[in-house]
Amino acid sequence: MNFIGANILSVDQFNLDDVNTLFSVAEKMQPYATREKVTKVLDGAILGNIFLESSTRTRVSFGSAFNLLGGHVRETSDVSSSAFVKGESVRDAARILSGYSDVICIRHPKSGSVNEFADFSRVPVINGGDGSNEHPTQALLDLFTIKKELENKNRDLSKLRIAIVGDLLFGRTVHSLCKLLSFYPNISVVLVSPDRLSMPTDIVEYMRSAGLSVCISNNFNEGIKNVDIIYTTRIQEERFETKEQAALYRGKFILNKDIYSKHCAPETVVMHPLPRDSRPEANEIDFDLDSNPNLAIFRQADNGIAVRMAIFAMVLDVVNQIETSSAKVNWHVSR
Amino acid sequence: MNFIGANILSVDQFNLDDVNTLFSVAEKMQPYATREKVTKVLDGAILGNIFLESSTRTRVSFGSAFNLLGGHVRETSDVSSSAFVKGESVRDAARILSGYSDVICIRHPKSGSVNEFADFSRVPVINGGDGSNEHPTQALLDLFTIKKELENKNRDLSKLRIAIVGDLLFGRTVHSLCKLLSFYPNISVVLVSPDRLSMPTDIVEYMRSAGLSVCISNNFNEGIKNVDIIYTTRIQEERFETKEQAALYRGKFILNKDIYSKHCAPETVVMHPLPRDSRPEANEIDFDLDSNPNLAIFRQADNGIAVRMAIFAMVLDVVNQIETSSAKVNWHVSR
Amino acid sequence: MNFIGANILSVDQFNLDDVNTLFSVAEKMQPYATREKVTKVLDGAILGNIFLESSTRTRVSFGSAFNLLGGHVRETSDVSSSAFVKGESVRDAARILSGYSDVICIRHPKSGSVNEFADFSRVPVINGGDGSNEHPTQALLDLFTIKKELENKNRDLSKLRIAIVGDLLFGRTVHSLCKLLSFYPNISVVLVSPDRLSMPTDIVEYMRSAGLSVCISNNFNEGIKNVDIIYTTRIQEERFETKEQAALYRGKFILNKDIYSKHCAPETVVMHPLPRDSRPEANEIDFDLDSNPNLAIFRQADNGIAVRMAIFAMVLDVVNQIETSSAKVNWHVSR
């Protein structure tokens, strides 16, 4: 695909070359993401950052990525203070708000609405998550993380063995990720979920058609054996009709030091799209694993900055200008 | 009036020369508003953008206009997280917040409170809407749009025939617009509303005293005949005591392709202060008119950027520095 | 202490030298805070401004101070739209959000949680208030204001006589301020509060151990006699179990022109951490004192900008670069 001026709505729009190109740009962004250098390549540009559903990390990650490239961010994060409550259509919002910025990130509670928004926007639109449908930048940063974690262990992405665990029905990030994994026909995937929250069959078929080995299980301890990566997820409470329904499924798959030692192969990498629910009744990944160097969840969040910077730079066609506009950092850097 | 350092609180403070001066600056802003060029003339300046009532478009439009001039924006948009809930007076808020920025835009649910805020502010204050009282920048961008739409059709603003339709009682934008139209004594206005939502008599008198021909009607199909422009508006639900009361008046005046073809003169321009309420029970302007080139509502929203940039540039006295601080855009521009 | 890269969590971490160093930097910031000059020393840096509890002034003051140094601000101000509602721990939030900015300000409703956040953050953390525990930057700007107000009257900080009035139990700003005052053993303090809202005994003991004269009173008219400064505070309604409980204590200590004339020594300075509650039932400082030049509350708010700029500049180690990156202001300045 041609990234310049493109909408980023779904992982379906990428082929393997696109993803590799994006990741090579993300690698170039790392020194800026980690504050070794600064760039002002988007000085004067405006991101419209529109989150019509609860978000801190994704919203701030997009905004900071844009600031790191030198741009301004205009934010709309409170759905109740939005024009939408006055009966405005998604298409009108798109036509109007796209006159106020150079690129837009939008999260919307309703599946498909981001596509409708993009149809009427005059500037590129990046999907920040639409209902339980897609969250393409999360899937891209997840795959980028998988690639880097395996490289660090001299393992091979093309032969990845991965267990994907948790709410596979409503978890939009795992839907998108499974599609990206399908670029690699020799990957084997174990899908571990409660029966009622299993991966939609169309996505399972998608992977199998691409040649992947897919195993479906509700047995956590079995599922996480002999894999390179465990990718576990939160029960998506906000997608259930009642909190009580969500509660039925919480706390079924707790990964902790004891389970990890007993059941996992050495150096199994642990990932999570975050936030991890650390309330005792959920506790998807126990704090006792925080000191395990194979816990990759915070590196994963960090990688989001570089991947999102790369998307902005490619969509706005400034990749080749980043080096020339770079400078040294003149303040104290801690991390 | 002298714009430098002035508060922009009401259309009453302008004469025709002021408006013409402002519009000529707004024309100069167009290449920056449409991203042909960038300017950093307000690099380092801070806008305090304070919206104590629901707003997306006006809030983001002000913020983006300030960013387009190079400035920072500090925003307060959630009334419940504000100091006001701790019993702080408007005057204290003004004295304190004006120490934190170089210019302030404020929307407040209570008529007159923006004037009180301005009395105690140490920096210029721009009224972003106070209750059902005034919304001067909306009226200015409306008049700017009327002028440009007529020019494009080689018609003459001084002889404008306009139908103003909808909730004329609570719609603050039409109150302000009617005052601006009164600069032109040969304009004829048809005011179309339900009887209970008719234009306040003082504004009708204001227009008649200025020489305008004003006709009051509750007949939509008659009212929109033989005009250059239909300016239609939303029932201001939030100003009614109950939602049920507002519902009584919704959906009375639906403009659609059929009505337009049957009743309107050729090339009648359609405007709306937005958001248009597109719920079936309201549907002020049907989507079937979206492809009609005379639908000016999105050009109207776009014009808001140039007009608001002009106001900032004039109030902060940087009009003459814009050209010298301009540069080319080095990223991909879609629109 | 070494400010470079440090967390600013409590006034306990400072000694008198630290405070004096900070104040001398704050004095250097004044021309930038009052718009005589601009600096871009933090151009490209990002502040994560996270307010998980109601705030306008402190939040905007931190953000504007960072903008005045040239940096970007990414804000999270709505607790309900935060990842915390999805069960995320404070420590995870700290690890993740600290990857998105160069320094973080955080306010949190729970005492001690800001310290926990700082323990896991990879960038410096500034406490913007944690429950009824601490609010160190408020205490610093208060002491800075006391110092400047006394200097203007040729009085001596080391011999200050001060009355601290109001909700001394829940008012975190007075807790922090009392500790800073304890650097000066010859200060005499009168603590005036309802019996049930008196200063915690550990803080009284802290001051007495440092040599200060501390008098505890519930008699307002007596307490404000013969002091240089009255520092009065708001009943912290949000810390009470019910609004009705808070109401019992409101309006007990109203300072107005009449009381001031009758009971205060000439030129007694009046301070308040703001917002002042101006509802008739509270009315801590009546509007009839607003014209009294000894009312320092708005100078106090203004001083917050310079003090917070100084903290950012010291923590990020750019104090020595401010002059070299300064420029003249090229827009109209009102104040």
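Couple of notes before you dig in:
- Estimated from helical segments only, the mean residue ellipticity of chain A at 222 nm is -10500 deg cm²/dmol, where each DSSP H run of four or more residues counts as -39500 (n - 2.57).
- Relative contact order of chain C: 21 percent, from C-alpha pairs under 8 Å at least 6 residues apart in sequence.
- Residue-normalised convex hull volume from the C-alpha trace of chain C: 141 Å³ per residue.
- Pairs from the table (A:Lys153/A:Lys257; A:Lys37/A:Lys179; A:Lys37/A:Lys159) lying more than 25 angstrom apart at Cα are A:Lys37/A:Lys179; A:Lys37/A:Lys159.
- Using alpha-carbon coordinates, inclination of helix B:136-152 to the longest axis of chain B, degrees: 60
- Helix axis angle, C:172-181 relative to chain C longest principal axis, alpha carbon, degrees: 80
- Farthest positive-ward along chain B dipole, Cα basis, beta-carbon charges - from B:Ser198, B:Asn303, B:Phe170: B:Asn303
- Both numbers refer to the Cα atoms of the stretch A:1-92; Rg and Dmax are 15.9, 47 Å.
- Max mean-square fluctuation residue, GNM over chain A, Cα-Cα springs under 10 Å, options A:Asn218, A:Asn49, A:Asn152: A:Asn152
- When the charge dipole of the stretch B:136-298 is built from unit charges on Cβ atoms (+1 for Lys and Arg, -1 for Asp and Glu) and taken about the Cα centre, the candidate among B:Pro293, B:Asn226, B:Phe183 whose Cα reaches farthest toward its positive end is B:Phe183.
- Position B:Lys153, label points 7 Å along Cα→Cβ, spacing to each other copy in nm (shortest first, one decimal): 6.9, 6.9
- A label point on B:Asp258, set 7 Å along the Cα-to-Cβ line, lies at 7.1, 7.1 nm from each of its counterparts in the other copies, closest listed first.
- Calculated label separations, A:Lys328, copies of the chain, 7 Å along the beta-carbon direction, nm: 3.1, 3.1
- Database remark: amide H of A:Val269 closer than 5 angstrom to the amide H of A:Ile229, A:Ile230 (H placed geometrically; neighbours at sequence offset of 5 or more, or on other chains; Pro and chain starts carry no H).
- Among C:Lys40, C:Lys243, C:Lys147, residue whose mean-square fluctuation peaks in a GNM of chain C (springs only between Cα atoms under 10 Å): C:Lys243
- Taken along the Cα-to-beta-carbon direction at a fixed 7 Å, the label points for A:Glu27 and C:Asn154 span 7.2 nm.
- Plainly put, the stretch C:1-159 has a radius of gyration that is 0.98 times its Kirkwood radius, both from alpha-carbon atoms, as the Rg/Rh ratio.
- Annotation: for a label point projected 7 angstrom from Cα along Cα→Cβ of A:Ile4, no residues of the stretch A:24-63 have a backbone N closer than 16 Å.
- Remark: chain B carries a charge dipole of roughly 480 debye about the Cα centre, counting +1 on each Lys and Arg Cβ and -1 on each Asp and Glu Cβ.
- Cα→Cβ-extended label distance, 7 Å offset, between A:Ser188 and B:Glu281, nm: 5.8
- Rounded to the nearest 10 degrees, the inclination of helix C:16-33 to the longest alpha-carbon principal axis of chain C is 70 degrees.
- Think of each Lys and Arg Cβ as +1 and each Asp and Glu Cβ as -1; about the Cα centre, that makes the dipole of the stretch C:180-335 roughly 200 debye.
- Semi-axis lengths, Å, the stretch C:136-298, gyration tensor of Cα atoms, sqrt of 5 times eigenvalues: 22, 20, 14
- Chain B: most fluctuating residue of B:Cys215, B:Cys178, B:Cys105 per GNM, C-alpha cutoff 10 Å: B:Cys215
- If only the Cβ of Lys and Arg carry +1 and only the Cβ of Asp and Glu carry -1, the dipole of the protein assembly as shown around its Cα centre is close to 980 debye.
- Stokes-Einstein diffusion for the protein assembly as shown, with the hydrodynamic radius set to the Kirkwood value over Cα pairs and evaluated at 10 °C in a medium of 1.306 mPa s, equals 52 µm²/s.
Every number here is computed from the coordinates shown, using simple stated rules; none is lab data. From a predicted model like this one, the values you see are computed outputs, not experimental measurements. Please note: Cβ atoms are built from the backbone with ideal geometry, for glycine as well, and neighbour counts cover all protein chains shown.
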